[in-house]
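Asks: Okay, handing you the structure first.
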Amino acid sequence: MLASLLVILLYLCFLPVISLVLARQPHKDLPPWAICLSLVATETSTLTIVSVPGVAYLKGYVFVGLAIGYLIGRTAVAIWFLPLHERGATSIYRYIGQRFGTKLQKLLSGTFLITRLVAEGVRLYAGMLPVSMLFASMGYPVSDLLLLFLIVLLTLAYTIAGGLKAVVWSDSLQLGLYLGGSIACLVVIWCRAGAVPFHWAPVFSHGLPAFTDPFSIAGAVIGGAILALASHGTDQLMLQRCLAAKTLNGARGAMIGSVFVVGGLFALLSCIGVALRDLMPAQGARPDVLFPHFILTLPPVLSGLMIAGILAATMGSLSSAMNAMAAATRADFMPHGPFSLRSLTALWAFLLVLTALLFSRPSGSAVVFGLSIASYSYGATLGVFLLAMIGHSRDERAAIAGFISAVIVLALVSLVRIEGHPIAFPWLVPIGVAATFAGAGTFSGLRRIGLQE
């Protein structure tokens, strides 16, 4: 176990140094391949590394099916959404401000900040758990609060020192680390059990009522495409990276290329989850803890490498979130305010620790929980962006009415159960889009009637 701890400490020492060195190289522009890897590292996070094997353990290669929908959605983002924004823009919600007004711009940006705070808090706590388990297995239990602060402080240090460039380069390095570690896990499983565990498993699931299964063919392909349209077309966290590309074609290449990388990662982690069926009986345990428990059975150096990989995923998404949240706060709420970008980054880091403690133990799969949180805001936000793109009206009040309508409808939808099952997260986005258009259209119609009278 000491060897595992040594590997983790070496990683924590070298990552910030390498990231800052790369960020301060004389070349000015970030290459599209680095932006592509940063996108994948940002969207996958610890929840992916920990939860996807658990989902695959129960349902098979369903995340690979979801990647098919992602490909359709991100291709649409590359074609229609990326040209809307200026290269190097600090906030993507500036487009909404130009189209409708600053009130709606702030409303969307504030929604992004709140939902991202909750989602990243869950990711942060999930990334801390394997480290906590390692210390406990060595007989040295460490408090969750202390570990959370240490992870956040280290991430904050290189995020503040190197800015977006350091974030992108560290994301690329971290993605390589947990990809390599996951491949090594597959090799260990092969050596322990041979090729037998790598049996066939479904790519799409079935058996649940309509609209309650996120991994059915319709949910994964249609719902997943619309979800990707929202997550990568209207989220500051994702688009901020693409806007750092020098050219539109470079941004498009990074966006579409990220689908194939994340699809490969989903396939790799799903293979691990399916193989663990024969090696580790669930025995009533939460699926999310199966892979972390397996990691502790690995040889010490590999175990340390994998825990470092999970930390890498945590720190990658965390640094991206802090940078994006600080940039959105500065650009949308206080462009001439007294707070610097660095102080705002530190503020969001502190709030993320508090949120991680409050939302630390979701029931069910953590990755599905995180996607569900984001989807409740994605529907309303995507609806407003589509209004701005295809509508001729510049009526800010109608657009705000549409946004509020979508939030209310989605809040009510969260209470709906079909044969005891909630509405699956891929369908929340199209519901929110429809509610936004309906609310905006109704408000505009009522205004016209009032003016005529």
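The values are calculated or read from the model by the stated rules, or taken from the named source; none is laboratory data. This one's a predicted model, so the numbers in the text were calculated from it and none came from an experiment. Positions of Cβ are generated from backbone atoms using ideal geometry, with glycine treated the same way; all protein chains shown enter the neighbour counts. Ligands, DNA and RNA are stripped out before the accessible areas are found, and what is left, the full protein with its side chains, is counted by its heavy atoms. Shrake-Rupley method; radii C 1.70, N 1.55, O 1.52, S 1.80 Å.
Asks: State log₁₀ I(q)/I(0) for the range 270-406 at q = 0.09 Å⁻¹ as given by the Debye formula over alpha-carbon point scatterers of equal weight, solvent excluded.
Replies: -0.48
Asks: On to the next question. Taking only protein heavy atoms into account and a 1.4 Å probe, give the accessible area per residue of the range 105-253 in Å². All intermediate terms of the calculation are to be shown ahead of the outcome.
Replies: Numbers: 5390 Å² over 149 residues.
Here the residues of the range 105-253 average 36 Å² of exposed surface.
Asks: While we're looking at this one, here's another question. Please list, by residue number, everything in the range 296-323 whose backbone N is under 15 Å from a paramagnetic label point 7 Å out along Cα→Cβ of Leu2.
Replies: Under cut-off, by backbone N: 300-301.
Asks: Compare the Cα positions of Leu145, Gly391, Gly181 along the charge dipole of the chain (+1 at Cβ of Lys, Arg; -1 at Cβ of Asp, Glu; about the Cα centre) and return the one farthest towards the positive end.
Replies: Result: Gly391, furthest along the dipole toward the positive end.
Asks: Residue by residue, what Karplus-based ³J(HN,Hα) values in Hz, rounded to whole numbers, does the range 90-95 have, using 6.51, -1.76 and 1.60 with θ = phi - 60° and x for Gly and Pro?
Replies: Taking θ as phi minus 60°, the curve returns 7, 9, 6, 6, 4, 4 Hz for the range 90-95.
Asks: Take the alpha carbon gyration tensor of the range 151-279, find the square roots of its eigenvalues, order them as a ≥ b ≥ c, and report rounded if a/c is under 1.5; if not, report prolate when a/b exceeds b/c, else oblate. If you can, show how the numbers build up before the last one.
Replies: Working: a/c = 2.34, a/b = 1.31, b/c = 1.79.
Oblate.
Asks: Please list the helices of the chain that count as membrane-span-like by this rule: a mean Kyte-Doolittle hydropathy of at least -1.0 together with Cα atoms stretching 20 Å or more along the helix axis, each helix being a complete DSSP H run. Show your work: numbers first, answer last.
Replies: Numbers: long enough: 2-23 (32 Å, 2.74); 32-59 (36 Å, 1.09); 62-76 (22 Å, 1.58); 102-137 (52 Å, 0.83); 144-193 (45 Å, 1.60); 248-279 (47 Å, 1.43); 300-332 (47 Å, 1.01); 341-358 (26 Å, 1.96); 366-390 (35 Å, 1.78); 396-413 (25 Å, 2.02); 425-452 (41 Å, 0.84).
Within the chain the helices that satisfy the rule are 2-23, 32-59, 62-76, 102-137, 144-193, 248-279, 300-332, 341-358, 366-390, 396-413, 425-452.
Asks: For the range 1-97, what is the accessible area per residue in Å² when the probe is 1.4 Å?
Replies: 40 Å²
Asks: Report, to the nearest whole %, how much of the accessible area of the range 31-121 belongs to carbon and sulfur atoms, 1.4 Å probe, protein only.
Replies: 69 percent
Asks: How many times 2.2 N^0.38 Å is the alpha carbon radius of gyration of the chain?
Replies: Normalised by 2.2 N^0.38 Å, the Cα Rg of the chain equals 0.97.
Asks: Amide H neighbours of Thr212 under 5 Å, at least 5 residues apart or on other chains, H built in the peptide plane: list them.
Replies: Ala424
Asks: In terms of the Cα gyration tensor, with a ≥ b ≥ c the square roots of its eigenvalues, is the range 133-223 rounded because a/c is under 1.5, prolate because a/b exceeds b/c, or oblate?
Replies: Values: a/c = 1.89, a/b = 1.45, b/c = 1.31.
Prolate, because a/c is 1.5 or more and a/b exceeds b/c.
Asks: Right, another one. Counting only protein heavy atoms, what percent of the accessible surface of the range 237-388 is carbon or sulfur at a 1.4 Å probe?
Replies: Answer for the range 237-388: carbon and sulfur cover 69 percent of the accessible area.
Asks: Same structure again: About the Cα centre, and with charges only on the beta carbon of Lys, Arg (+1) and Asp, Glu (-1), how big is the dipole of the chain? Nearest 20 debye, please.
Replies: Dipole of the chain, to the nearest 20 debye: 740 debye.
Asks: Quick check for me: using +1 on Lys/Arg Cβ and -1 on Asp/Glu Cβ, what's the dipole size of the range 1-155 about its Cα centre, in debye to the nearest 20? Provide the component values of the computation, followed by the final result.
Replies: Numbers: 11 positive and 5 negative charges, 111 e Å.
The dipole of the range 1-155 has a size of about 540 debye.
Asks: Among Leu47, Ala201, Met133, pick out the residue whose Cα is farthest towards the positive end of the charge dipole of the chain, where Lys and Arg carry +1 and Asp and Glu carry -1 on C-beta, about the Cα centre.
Replies: Leu47
Asks: Same structure again: Going toward the positive end of the dipole of the chain, with +1 on Lys and Arg Cβ and -1 on Asp and Glu Cβ, which of Val62, Pro16, Ala267 do you reach last?
Replies: It is Pro16, whose Cα lies furthest towards the positive end.
Asks: So, one more: So if I average 1/r over every pair of distinct C-alpha atoms in the range 396-453 and take the inverse, what Kirkwood radius in Å does that give?
Replies: Taking every pair of different Cα atoms in the range 396-453, averaging 1/r and inverting gives 12.3 Å.
Asks: Run the simple label-point estimate for Ile390 and Tyr140 please: 7 Å along Cα→C-beta, distance reported in nm.
Replies: Placing both labels 7 Å beyond Cα along the Cβ direction yields 5.8 nm.
Asks: Considering only protein heavy atoms, what is the solvent-accessible area of His199 at a probe of 1.4 Å, reported in Å² to the nearest 10?
Replies: Number for this one is 60 Å².
Asks: Taking the Cα centre of each part, how many Å lie between the range 56-109 and the range 384-419?
Replies: 16 Å
Asks: For the range 174-230, which whole percent of the accessible surface, found with a 1.4 angstrom probe, sits on carbon and sulfur atoms?
Replies: Exposed carbon and sulfur together represent 79 percent of the surface.
Asks: Taking the Cα centre as origin and putting +1 on Lys and Arg beta-carbons and -1 on Asp and Glu beta-carbons, what dipole magnitude results for the range 131-276, to the nearest 20 debye? Spell out each step's value before the answer.
Replies: On the way: 5 positive and 4 negative charges, 77 e Å.
Value, rounded to 20: 380 debye.
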